[in-house]
Amino acid sequence: PITASGVITQGLISGYNDIWFDYDWGLSDTSDCLLNYTPRILNIWDVYHDHGGFVYLTFCRSAADDDGITGAVTHYRIMRRLDDPSTWITSGYSSNPDSSCYSTEEWEQIKVIDAHSSSRYTVTLPTHADKTPVEENWCFFYVIADRPGISYYSCPDSGYSRDDATATVLESFDAYYEDNSIRIEWNLNGKGPESGFHVMRSEGEGYYKDLNQTVISDRSGFYFLVDNRIDSGKAYQYRILYNEEGKDRILFETEEILTPSISVSLSQNNPNPFNPSTTINYYIAAASEVRLDVFDVNGKLVRNLVSTCLPAGSYTAKWDARSDSGALLASGVYFCRLQGGKDSITKKMILLK
């Protein structure tokens, strides 16, 4: 196949019918990248506060990495240029390399990952040496997308690692969807940066935007943020940055987090158990007739909290443990049911006096 202004050069390496694209990578959007079968390296950056020797590499997937097509890409191979100038056929790389750039005598395979139709992948890779005050020590990489009988090569790109370990070390991080929001949390072994953290978010367009989100800390090295400005059925990816010597540096980058395609969502009431009142948060994906009702354990309707047509959005209701007639209800188990259009969700609540 050939797309856009790509020019194909074919050859045989390791049993693959390899294809190189002589292509102008002046475009910056992930969407432009996905028009092409070649994977594209988007960014290479140092692993934050380690003892050097490693970088992160993010690349845009091949258009053939699609479960919906026959013979899709099965895996990606990450190649690193050997740290021996005597093996180098070329002294440098342009954005339009020819097949000589990919000599098997000049490169080594350092990682293989499975393809799973993600729009982007991020991997941790070893370097030959770290950047020093006198030497940059750039390390070159490229990515190969393999499908049955054929491979697609990215253009090479480079980055460097640094030995920048301090008392502050990223121990772990996690990101997940929960209750109509995305929660990101991380742990540091030591004091965090004085300038705090900067949060960026990508919605799949191939670039990041400032989220203007507050990061919360319990002062013991644990940090988190909750992003509730999200839509259903979309993929989000986050970067957490810190400022060092006047420059923003990446602490970590999450994988893509896909929000479920839902028409309604009902969060667990808070507090639960409760007395005398509790708060109920819910979400409507599209304008619809909405009912929010409370039932006792026998299935009897005891209170209607909402009964109206609402536009798409997030809402909050409160229940004061009273029936529709205003009578205080006894302690026990109750059920809150949200109906929006043809869908409904039920949560159990406990009134404890």
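At a Cα cut-off below 26 Å, give the lysines reachable from K209, other chains included and same-chain residues fewer than 8 away excluded.
K234, K247
Pull up the cross-link candidates among the lysines for K348, meaning alpha carbon to alpha carbon under 27 Å and not fewer than 8 places away within one chain.
Straight-distance partners of K348: K300, K318.
Please compute the length gained on full extension between I350 and S307, using 0.36 nm multiplied by the number of residues separating them and subtracting their Cα-Cα distance.
Working: separation 43, 0.36 × 43 = 15.48 nm, distance 2.28 nm.
So the extension gain works out to 13.2 nm.
Mind sorting D163, D46 by how few other Cβ atoms lie within 10 Å of their own Cβ, fewest first?
Numbers: D163 13, D46 21.
With the sparsest Cβ surroundings first, the list reads D163, D46.
If you rank Y236, Y315, Y242, Y152 by fewest surrounding Cβ atoms within 10 Å, what's the result? All intermediate terms of the calculation are to be shown ahead of the outcome.
Details: Y236 22, Y315 15, Y242 19, Y152 25.
Lowest count first: Y315, Y242, Y236, Y152.
Read-outs throughout are calculated quantities, based only on the coordinates presented, and are distinct from any laboratory measurement. Everything numeric here is computed off the predicted structure, so don't read it as measured data. All Cβ positions, even for glycine, are placed from backbone atoms using ideal geometry, and neighbour counts span all protein chains on display.
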